[in-house]
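J.: Submitted below is the structure of interest, expressed as structure tokens.
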Amino acid sequence: MRFNLKDGLKKLMTAPKANKPKSTDNKPDAASNISKDKSNKTSYIKDISVDKRKPHAIEKNKPVSKSPITDKKVDSNYASKNAKRVKLIRPNVQQQITAKRIREERITIKEDETVRLSKALAMSGAGSRRHCDALISEKKVLVNGQVATLGQQISPHDRLEVLGRPVKIKWQDRLARIIIYHKPEGEIVSRSDPEGRVCVFDKIPLLKNKRFVPIGRLDFNTSGLLIFTNSGELANHFTHPRYEVEREYSVRIYGLELTVEQIKELKSGIRLEDGVAKLDEIMKIQDQDDSSKNHWYKIILKEGRNREVRRMFEHYDLVVSRLIRTRFGPIALPPRLKRGQFYELNEIEVAQITQKFGLNLAGSE
């Protein structure tokens, strides 16, 4: 039975307001207080970036050292230790009750329910849907001992093998989890690296041996918002081009600034080696020193090809000296989340995110 979020919201409006935790023998639906809690001013689930400071003021006055790999400055405080987990929100009593009900909600899985193979593999942490489709195309996936095919449907009783190893399909029946990380420069978004570079999965022990997958990626020299989830369907809604989810970046270029004509071309589209790329919005950040050779821009685009932003500026022989992702869809980089820190969204925030994408609490359709 699919969890009906709207019905839960209606029931809450007639429920008495609680001042302290009470017995929940006749409790309403799990996410019934979500709309009420949207007024919480400390929430970081927004449609625009909440950080109104100038990008170059976000990370100043920090001890730095030279990276042995990139020869760029990196914060020595996080270079040799795990990322720090922080709490950004202190929920009130009513929010704690709502969060508990959402956490205890379960999505019923029907015995005869079928799901696309790549989706099932993504739900089980085998990788993104595209990666799973690639494994299927390369005939590296078996279903009940037979080579799988693209688009194949499977049920809870089917046996799966990936790269010769059995995989237990973990059907998502409870609340999805979302972790946001302020990635610094000098880390690679991977579980391991043959070159010995620092991996984000090593920095966040919570991600190890879990079914978390990164929602999109940031290259080695890019910092900012990085999102992880254990819901493959939710990750797909964030990253697939057909959903056109916005990515917002702060870009610093060195030397000459963009001309009016170049800005028009970037918004209308320029041709790169892998196709046409364009920006939905580009705005120069004001209040900068006129004598400075650094120029900051805020840009928004709706796709995330490899090094796309850098290549768009390189098209005009402009060097991107700093690139920070400040927002991905409805999730913005919180101002209080410093480099090398991570935060796990609470139950109400996760429910708000899944609701925005039209998914149930488990992050499924």
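The values are calculated or read from the model by the stated rules, or taken from the named source; none is laboratory data. Worth saying up front: this structure is predicted, and the values here are computed from it rather than measured. Because the Cβ atoms are built from the backbone with ideal geometry, glycine has one as well, and the counts that use them run over all protein chains shown. Ligands, DNA and RNA are stripped out before the accessible areas are found, and what is left, the full protein with its side chains, is counted by its heavy atoms. Shrake-Rupley method; radii C 1.70, N 1.55, O 1.52, S 1.80 Å.
J.: Please give the number of the condition Arg247 fails out of (1) open to solvent by 10 Å² or more (accessible area, probe 1.4 Å); (2) modelled with pLDDT under 90.
T.: Only one criterion is unmet by Arg247, namely (2).
Matching residues to (1) β-branched (Val, Ile, Thr); (2) farther than 28 Å from Phe201 by Cα:
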site	(1), (2)
Ile102	yes, no
Thr114	yes, yes
Ala122	no, no
Ser137	no, no
Val141	yes, no
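J.: Sticking with this one: Would you pick out the residues in segment 341-356 that are in a helix (DSSP H, G or I) and either within 13 Å of the chain's Cα centre (by Cα) or under 25 Å from Lys81 (Cα atoms) (or both)?
T.: Val350, Ile353, Thr354
J.: Could you please let me know if Gly255 is under 19 Å from Asp317 (Cβ atoms) and modelled with pLDDT under 90?
T.: yes
For every residue, the table says whether it meets (1) open to solvent by less than 10 Å² (accessible area, probe 1.4 Å); (2) more than 30 Å from Ser292 (Cα to Cα); (3) not polar (S, T, N, Q).
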residue	(1), (2), (3)
Leu175	no, yes, yes
Arg191	no, yes, yes
Val200	yes, yes, yes
Leu207	yes, yes, yes
Gly224	yes, no, yes
Lys264	no, no, yes
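J.: Moving on. Those residues that are more than 22 Å from Ala235 (Cα to Cα) and surrounded by 12 or more Cβ atoms within 10 Å (Cβ to Cβ), I need them from segment 134-148; list them, please.
T.: Within segment 134-148, Lys140, Leu142, Val143, Ala148 qualify.
J.: Sticking with this one: Determine, yes or no, whether Gly151 is in contact (Cβ under 8 Å) with a residue 60 or more places away in the chain and either under 15 Å from the mean Cα position of the chain (by Cα) or open to solvent by 20 Å² or more (accessible area, probe 1.4 Å) (or both).
T.: Spelling it out, it is not the case that Gly151 is in contact (Cβ under 8 Å) with a residue 60 or more places away in the chain and either under 15 Å from the mean Cα position of the chain (by Cα) or open to solvent by 20 Å² or more (accessible area, probe 1.4 Å) (or both).
J.: Output the residue which, of all residues in segment 169-196 that are outside any strand (DSSP E or B) and hydroxyl-bearing (Ser, Thr, Tyr), is farthest from Ser128 (Cα to Cα).
T.: Ser192
J.: Taking Glu233 as the residue in question, decide whether it is in contact with a Gly (Cβ under 6 Å, 6 or more places away or on another chain) and open to solvent by less than 90 Å² (accessible area, probe 1.4 Å).
T.: yes
J.: Let me ask another. Just one of the numbered conditions (1) at pLDDT 95 or above; (2) open to solvent by 10 Å² or more (accessible area, probe 1.4 Å); (3) in contact with a Leu (Cβ under 8 Å, 6 or more places away or on another chain) is not true of Leu279; which one?
T.: (2)
J.: Please work out which one of (1) part of a loop (DSSP other than H, G, I, E, B); (2) more than 30 Å from Leu266 (Cβ to Cβ); (3) open to solvent by 30 Å² or more (accessible area, probe 1.4 Å) is the condition Leu361 fails and give its number.
T.: The one condition Leu361 does not meet is (3).
J.: Quick one: would you say Ile348 is open to solvent by less than 30 Å² (accessible area, probe 1.4 Å), touching a strand residue (DSSP E or B) at 6+ places or on another chain (Cβ under 8 Å) and in contact (Cβ under 8 Å) with a residue 12 or more places away in the chain?
T.: So Ile348 fails the test.
J.: If you take just the strands (runs of 3 or more DSSP E) that sit entirely in segment 201-302, which of them hold at least 1 residues that are in contact (Cβ under 8 Å) with a residue 24 or more places away in the chain and under 25 Å from Leu337 (Cα atoms)?
T.: 213-215, 223-229, 247-254, 281-284, 294-301
J.: Would you mind finding the one in Arg116, Arg130, Arg159, Arg106 that is under 25 Å from Glu347 (Cβ atoms) and open to solvent by 80 Å² or more (accessible area, probe 1.4 Å)?
T.: None of the other options fit; the residue is Arg106.
J.: So His295 clears everything in (1) under 19 Å from Phe328 (Cα atoms); (2) modelled with pLDDT under 95 except one condition, right? Which one?
T.: For His295, the failing item is (1).
J.: Let me ask something additional. Return yes when Val251 is farther than 24 Å from Thr354 by Cβ and of a type in the set (Val, Ile, Thr) and no when it is not.
T.: yes
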